[in-house]
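Have a look at the structure below before the remarks.
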Amino acid sequence: MMINKWLLAEKHDQIINLPHSGYIRTRMMKDQNGSLLTVIDISNGKMHFTVLPERGLDIGELYLGAKKMSWDRSGEYLLHPSNVDLNESNGTGWMKGFYGAVASIGPELFGTPGEGFTLHGSGSYSFTSPESIQVTWDEQSVWIEGKVPVLNRHGELLFEKIIQMSTLWGSSLILREETVINKSRYMQVLDDGYHIQLSGSYMHQGGRYVLPASQHELLIRDSAPLEEDPFHIPSNKKAYPMRCYQYVPRPVDGLYEFDKVIPYLSKMNVSRGLTGEMIINTENTHAGYVIRPLFDFPRSLIAKQIDDSFMFAIEPCRTRPNRMSQKITDGEALYLQKGEALSSCCLIGLSDSEMEIRNLENMILSAVTTIK
């Protein structure tokens, strides 16, 4: 099988044509402060997504054909890390640069404002080593990979993330894989996950979450008012206090037979099962979904807010989004020894097939209806 490779190096502002009508496109842009950012656009012929090297190799935007499926976030939030102070406002400075369709929430401690850590960790604001970035393709798929050194607040190397994102030609699904290595001199807590925004204009007229949990299993966080139906996504654009629900997702057995998942099963640790979450628009014509092994991310959070943008997030995470002191007390914290590594993966998918959406919804809901 022939394997082709493209290195980022200094190859900016160019388009490389790939098989099956795919392409790689690179460009440079300036953020609102004039700092340069690199944007890599990768297409598999059916979907394309942007990758942000200066922002921890996060996914910036996701498109299915010409339709944007990730949130319509203002470009003013796409900031160079040098223009974001993560320690600002009691650890919520990350919100100034909150842009990505798939943003990392780790591996540095997150969920701990007030305890000396930033809420979403520093992985999403770390530079990818330029010489490590490469795009590779063969007869079956195309993938991008790179290494992201994660520094602590004192500029010391804490972790290294080895990231790879792959997609089959003509597919509507991306596999994101990460290996996190403790590069410090001491044992470190690893706490990570993703904030995934599949809330493009297709969701602006409303829709619903489909989750492998019943309503009484959703724990509302903070002081937001209760909702009659937490799965409901409203259609009206108005001031809307953020609702965040955390829960423990159940295994979804039907995912093992989902044809788009089958090619990736060999890469997953399925010893604790697979789970999936989805958001669907009111017309049942478009959906976004997240599928991952429970061994990697056994907890979940959803967040809903409509203000200047439509935020309907799905957040697979390693532990409860709680204060780290509480996680340690509860025995939930995960520790990596010096030099130790841990890998994880997550599937991000899009669909415009009503039949596929209906089938996937039934799979996920079956995890709830079979509860005894």
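Just so it is clear, none of the values below were taken in a lab; they were calculated from the coordinates. What you see is a predicted model; the values in this text were computed from it and never measured. Cβ sites come from the backbone with ideal geometry, for glycine too, and all protein chains shown count toward neighbours.
Could you rank the peptides 24-36, 188-200 by their average count of other C-beta atoms within 10 Å per residue, with the highest value first?
Working: 24-36: 13.9, 188-200: 25.2.
Output ranking for 24-36, 188-200: 188-200, 24-36.
Using Cα pairs closer than 8 Å and at least 6 residues apart in sequence, work out the relative contact order for the chain, in percent.
Averaging sequence separation for qualifying contacts and normalising by length gives 16 percent for the chain.
Can you list the aspartates and glutamates whose alpha carbon is less than 20 Å from that of K304, not counting same-chain residues fewer than 8 positions off?
E61, D72, E217, D222, E227, E228, D229, E277, E283, E315, E361
Would you calculate the volume per residue, in Å³, of the smallest convex hull containing every Cα atom of the chain?
Details: hull volume 53.6 nm³, N = 372.
It is 144 Å³ per residue.
Between T285 and Y335, what length comes free when the chain is fully extended (0.36 nm per residue of separation minus the Cα-Cα distance, one decimal in nm)?
Working: separation 50, 0.36 × 50 = 18.00 nm, distance 4.28 nm.
That pair, T285 and Y335, stretches by 13.7 nm at full extension.
Cα-Cα over 23 Å: which of K30/K96; K5/K147; K183/K267? List each step's numbers first, then the result.
Details: K30/K96 16 Å; K5/K147 16 Å; K183/K267 25 Å.
As for pairs spanning more than 23 Å Cα to Cα, those are K183/K267.
Can you check what the net charge comes to around E228, using other residues whose Cβ is under 14 Å from the Cβ of E228 (Lys, Arg +1; Asp, Glu -1)? Don't skip to the end; give the middle numbers.
Details: positive: R208, R243, K304; negative: E227, D229.
My count for the surroundings of E228 gives +1.
With bins 5 Å wide starting at 0, give me the P(r) of the range 155-195 over every alpha carbon pair, in whole percents.
The calculated distribution, bin by bin, is 6, 17, 22, 20, 13, 10, 7, 5, 2.
Roughly how many Å is it from the Cα centre of the range 168-186 to that of the range 55-79, as a whole number?
Answer, in whole Å: 18.
With a cap of 13 neighbouring Cβ atoms within 10 Å, and only residues DSSP puts in a loop, list the trypsin sites (Lys or Arg not before Pro) found in the range 126-208.
Numbers: sites: K147, R153, K161, R176, K183, R185, R208; in loops: R153, K183, R185.
Loop-located and lightly packed - R153, R185.
Quick one: pull the percentage of alpha-carbon pairs in the range 267-372 with a separation above 16 Å. Numbers along the way, then the final one.
Working: 3860 of 5565 pairs.
Across the range 267-372, Cα pairs with separations above 16 Å total 69 percent.
Which order do the peptides 13-23, 272-282 come out in when sorted by mean C-beta neighbours inside 10 angstrom, highest first?
Values: 13-23: 13.4, 272-282: 21.9.
The packing order, highest mean first, is 272-282, 13-23.
Can you show me the helix-derived [θ] at 222 nm for the chain, built from DSSP H runs with n ≥ 4 at -39,500 (n - 2.57) apiece and divided by the number of residues, rounded to the nearest 500. Spell out each step's value before the answer.
Values: 3 runs with 26 residues, N = 372.
Result for the chain: -2000 deg cm²/dmol, rounded to the nearest 500.
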